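For reference, the structure discussed in these notes is given below.
The values are calculated or read from the model by the stated rules, or taken from the named source; none is laboratory data. This structure is a prediction, so every number in the text was calculated from the model and none was measured. Because the Cβ atoms are built from the backbone with ideal geometry, glycine has one as well, and the counts that use them run over all protein chains shown. Remember, those area values only see protein heavy atoms, side chains included, never the ligands or the DNA or RNA. Shrake-Rupley method; radii C 1.70, N 1.55, O 1.52, S 1.80 Å.
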Amino acid sequence: LFQRIQADSTGGADELNPAPITAAYRSLAESFDNRFGGFGSAPKFPHASGLEFLLWQTCNRETPSEIRERSRTMLTTTLEHMAAGGIHDQLGGGFSRYSVDAQWTIPHFEKMLYDNGPLLGLLADAWLATGEARFARCAEETAGWIMREMQSPEGGYYSSLDADSEHEEGKFYVWSREEAHALLSAEEYAVVEPHYGLDGPPNFENRHWHLRVAKPLEAAHEELLASARAKLFAAREQRVRPGRDEKALVSWNALAIRGMARAGRVFGREAWLQSARRALGFIRTSMWTDGRLLATYKDGKAHLNAYLDDYAFLLAALLEMLQARFSRDELEFAEDLAEVLLDQFEDREAGGFYFTARDHERLIHRPKPGHDNATPSGNALAAWSFGRLAALTGEDRYARAAERTLELFFPTMRDYPAGFAAMALALDEAIVPPSLLVLRGDPGALADWSAQLTQELLPTTQMAAIPNGVKGLPPALDKPERPEPVNGWLCQGVTCLMPMSDLESLKQACKQPVMG
């Protein structure tokens, strides 16, 4: 892989290296809508994998400053317009599948779990990057929607909400002026009307309004807007609801678990983390049997052999959960998933992972997809996760599997970069390994350090906060107890800095390369 990278190096101070990462960035930049954010024209999709790639380029110390700034602009512009638009449910939270227009105003009203999990994590990171309150509010509303409407009593997350109710798309969500006026006080309506665009022409089928932020809200009016939103939401809850697809899919659950865990960690919201743990517990109890995953669950029954995406997405979710709260049991589960991937899905000769397991029913063609679609590429998240799991466990087989996957897709990423954002992220981490921050200490002080370090935007650092006394750890995590309340070991590859017992010094060290 690294010989190929060197041979294909584009060079130049104004370009990313290697060529596939340059190509991925340029593909996004060329299709970016400078006015409304997003990529391409109508219909406009969230493209969460592309946005995550831009987030990481914003934080990558190896990226030239002008590309970092441009990546930041593309990321924040897109999330700002999405959060203000009709693709975001302004009353109930959550995002619809796509916008039928370039302005994000009118969505296809179907809400998919697989979009909302990744977007939730991105909103949390965008808030860390900018401090913009709008991103925190949107994250809270999205997490609230997932827990309120998409989590089953058993703990798993449902798949989607339909676009229509009473045989009409959007009927559950749209308003007439008369309805809104009748529900609100004069003072509330005076705030809502310009803020949500009710003072303009109808934007939905020439007779109704779908709420989107048309004008900024003055700070003095926040309480009036909050009370108005509560009244409108309560009235909407009395309508005939869209149908809900109540099957649970491991892959989509994993994307939601990862997003909930990331956002819960960033915002310090224990309820969000508990929601993610319930969903993970449901999968382990109901969809993990005899050392293998089953892909789908409904009405008390799990069935169908799981696919690449199920294993790879869940592995990535576990790596985020381990950062929120270290668990030796969850680390062992991550290793169990990794072993199934290597045994049942990896192409041991050419590299990469097939979509179906080795013992799956025989197919005419056994695909090995690398492109992102509505969800990230399973091969990409497998490569990314194996790289990170290798850092935690010291298991070289994981690192080699990641490298073989990236080498396989390298030429296609370079020559046809559109749709390879998630794979470009994995390649970036293979070139400059993520830092591993191991914290050991007393539980109380450890929790405080972990919370404060999470407020630093460090997407290329994975953290393991492990209380003193935990035994049976792999060597990379098995750091000695020391007299200070907490000590931090910051490592990259096999290079580690001296342990630090001062939190501010550790924060500064995390912002600098470990290896010179």
Can you work out the Karplus-derived ³J(HN,Hα) for every residue in region 177-192? Use 6.51 cos²θ - 1.76 cosθ + 1.60 with θ = phi - 60°, whole Hz, and x for glycine or proline.
4, 5, 4, 5, 4, 5, 7, 10, 6, 4, 5, 5, 5, 5, 7, 5
Highest to lowest packing among 399-408, 258-267, scored as the average C-beta count within 10 Å:
258-267, 399-408
Kindly rank 64-75, 503-514, 121-132 from highest to lowest mean number of other beta carbons found within 10 Å of each residue.
121-132, 64-75, 503-514
Tally up the carbon and sulfur contribution to the accessible surface of the chain as a whole percent, 1.4 Å probe, everything protein left in place.
49 percent
Order His167, His210, His81, most accessible first, counting only protein heavy atoms with a 1.4 angstrom probe.
His167, His81, His210
Which value, in Å², gives the accessible area per residue of region 103-142 when a 1.4 Å probe is used on the protein heavy atoms?
27 Å²
With just the Cα atoms of region 435-478, tell me how far they stretch along each of the three principal axes, in Å, largest first.
30, 23, 7
If every Lys and Arg gets +1 and every Asp and Glu gets -1 at its Cβ, then about the Cα centre region 13-141 yields a dipole, in debye to the nearest 20, of 60 debye
Take a quick pass over the chain and tell me how many lysine pairs come in under 16 angstrom between Cα atoms, counting only ones 8 or more apart or on separate chains.
6
Using alpha-carbon positions, what is the distance between the centroids of region 149-164 and region 302-348, in Å?
23 Å
Sort 313-320, 484-491 by packing, meaning the average of other beta carbons within 10 Å per residue, with the highest value first.
313-320, 484-491
Taking a Cβ-Cβ separation under 4.7 Å as the criterion for a possible partner, which cysteines of the chain have none?
Cys59, Cys138, Cys510
What's the magnitude of the charge dipole for the chain around its Cα centre, counting Lys and Arg as +1 and Asp and Glu as -1 at the beta-carbon? Answer in Debye, nearest 20.
360 debye
Roughly speaking, what is the stretch gain from Ala451 to Arg239, that is 0.36 nm per residue apart minus the C-alpha to C-alpha distance, in nm to one decimal?
72.2 nm
Mind giving me the FRET efficiency for Asp347 and Thr495? R0 is 22 Å, r the Cβ-Cβ distance, nearest 0.05 is fine.
0.10
With no solvent and one point per C-alpha, what does the Debye sum give as log10 I(q)/I(0) for region 291-396 at q = 0.15, 0.23 Å⁻¹?
-0.64, -1.35
For the chain, treating each Cα as an identical point scatterer without solvent, what Debye log10 I(q)/I(0) comes out at q = 0.06, 0.09, 0.13 1/Å?
-0.28, -0.65, -1.32
Residues of region 182-308: accessible area per residue at 1.4 Å, in Å²?
47 Å²
In terms of the ratio Rg/(2.2 N^0.38 Å) built on C-alpha atoms, what value belongs to region 349-450?
1.31
Rounded to the nearest 500, what is the chain's calculated 222 nm mean residue ellipticity when only DSSP H runs of at least 4 contribute -39500 (n - 2.57) each, over all residues?
-15500 deg cm²/dmol
